[in-house]
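Single-structure report; data block below.
The values are calculated or read from the model by the stated rules, or taken from the named source; none is laboratory data. Everything numeric here is computed off the predicted structure, so don't read it as measured data. Every residue, glycine among them, receives a Cβ derived from its backbone with ideal geometry; neighbour counts consider all protein chains shown.
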């Protein structure tokens, strides 16, 4: 019989050999998923033997991870801003650095702010749902180019008790160019095409390329969105757009050309340029 301790150690070593980061964490998460328990619960059960059917399932899950499938897709969830979001292939896996957008909005807006917000390219709905929950009076529109991410966003909104509005569209071009929003957030594609091949296998081979690559120069989509956002942001309204660590200056200049004010670059938790903040 294989104990929980032995299973974790065995797969930790195998993951390390495959160059997978956080090897023990991955093994624990996948085993906990197979057992349908919290990861913390494993710590009190390390000497328990695994039933044969659980062992088979856990090994199957770990084999998928060994082939560099993201652990979040395998277990179907990812934490964002202290909440658990469903994720699946076809939507980007939420990253910790994107949480900074919510924090910046909290710094600028009171919790009872009753304006209108839009999340452009909502994906899993991490931003849209979190904003709706952190600002209970905020009316949030979630948009995406495809129906599938909107379905994932709706699922997460329903599970977490957030009220959203939904629209399938490319950017904001389908809306009339009038001041509609008090807050615009977006995590658009911004990877350069030539950098795509060098991404980690988990990202390159599994996450949607369309949600990663931002056009021929990496910021083509960002630049287009800025021209669409500027006329649709109410006077005094805020924009927060995630971007690559070398794109801050270009996007600040582009935001100013589009008619936005007070453009600045905000760093992420690693000290890298990551978010454009601007105001109408």
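Residue under question is residue 241, and the condition is that it be free of Cβ contacts under 8 Å to residues at least 60 places away in the same chain, part of a loop (DSSP other than H, G, I, E, B), within 21 Å of residue 98 (Cβ to Cβ) and in contact with a strand residue (DSSP E or B) (Cβ under 6 Å, 6 or more places away or on another chain); does it hold? Considered against the rule, which asks whether it is free of Cβ contacts under 8 Å to residues at least 60 places away in the same chain, part of a loop (DSSP other than H, G, I, E, B), within 21 Å of residue 98 (Cβ to Cβ) and in contact with a strand residue (DSSP E or B) (Cβ under 6 Å, 6 or more places away or on another chain), residue 241 comes out as no. Tell me the residue from 88, 103, 63, 69 that is surrounded by fewer than 17 Cβ atoms within 10 Å (Cβ to Cβ), modelled with pLDDT of 95 or more and more than 16 Å from the chain's Cα centre (by Cα), please. Result of the check over 88, 103, 63, 69: 63. Quick check, is residue 164 in the same structural domain as residue 242 (by TED's automatic domain parsing), touching a strand residue (DSSP E or B) at 6+ places or on another chain (Cβ under 9 Å), closer than 21 Å to residue 255 by Cβ and surrounded by 14 or more Cβ atoms within 10 Å (Cβ to Cβ)? Spelling it out, it is not the case that residue 164 is in the same structural domain as residue 242 (by TED's automatic domain parsing), touching a strand residue (DSSP E or B) at 6+ places or on another chain (Cβ under 9 Å), closer than 21 Å to residue 255 by Cβ and surrounded by 14 or more Cβ atoms within 10 Å (Cβ to Cβ).
Of all residues in region 130-156, those being under 22 Å from residue 243 (Cβ atoms) and surrounded by 20 or more Cβ atoms within 10 Å (Cβ to Cβ) number 9.
Would you be able to tell me the number of residues in region 266-275 that are free of Cβ contacts under 8 Å to residues at least 40 places away in the same chain and in a strand (DSSP E or B)? The number of residues fulfilling the criteria is 2. Checked against (1) touching a helix residue (DSSP H, G or I) at 6+ places or on another chain (Cβ under 8 Å); (2) assigned to a helix (DSSP H, G or I); (3) within 27 Å of residue 126 (Cβ to Cβ), residue 40 meets all criteria but (1).
Just one of the numbered conditions (1) over 26 Å from residue 152 (Cα atoms); (2) touching a helix residue (DSSP H, G or I) at 6+ places or on another chain (Cβ under 7 Å); (3) part of a loop (DSSP other than H, G, I, E, B) is not true of residue 68: (1). Could you list, in sequence order, all residues of region 43-65 that are in contact (Cβ under 8 Å) with a residue 40 or more places away in the chain and part of a loop (DSSP other than H, G, I, E, B)? Of everything in region 43-65, those that are in contact (Cβ under 8 Å) with a residue 40 or more places away in the chain and part of a loop (DSSP other than H, G, I, E, B) turn out to be 45, 46, 47, 48, 50. A count restricted to region 90-114 and to residues that are out of contact with any strand residue (DSSP E or B) (no Cβ under 7 Å at 6 or more places or on another chain), part of a loop (DSSP other than H, G, I, E, B), under 14 Å from residue 125 (Cα atoms) and in contact (Cβ under 8 Å) with a residue 24 or more places away in the chain stands at 3.
Residues that are buried (at least 20 other Cβ atoms within 10 Å of the Cβ), in contact (Cβ under 8 Å) with a residue 24 or more places away in the chain and in contact with a strand residue (DSSP E or B) (Cβ under 6 Å, 6 or more places away or on another chain) do occur in region 257-265, at least one of them. Is it the case, given these coordinates, that residue 226 is assigned by TED's automatic domain parsing to the domain that holds residue 260, part of a helix (DSSP H, G or I), surrounded by 20 or more Cβ atoms within 10 Å (Cβ to Cβ) and at pLDDT 95 or above? Considered against the rule, which asks whether it is assigned by TED's automatic domain parsing to the domain that holds residue 260, part of a helix (DSSP H, G or I), surrounded by 20 or more Cβ atoms within 10 Å (Cβ to Cβ) and at pLDDT 95 or above, residue 226 comes out as yes. For residue 29, the test of being at pLDDT 95 or above and assigned to a helix (DSSP H, G or I) is passed. Collect the residues in region 115-148 that are assigned to a helix (DSSP H, G or I) and touching a strand residue (DSSP E or B) at 6+ places or on another chain (Cβ under 9 Å), keeping them in residue-number order. Result: 126, 127, 128, 129, 130, 131, 132, 133, 147. Filtering region 176-188 to residues that are outside any strand (DSSP E or B) and either under 14 Å from residue 119 (Cβ atoms) or touching a residue at least 60 places away in the same chain (Cβ under 8 Å) (or both) leaves 179, 180, 187, 188.
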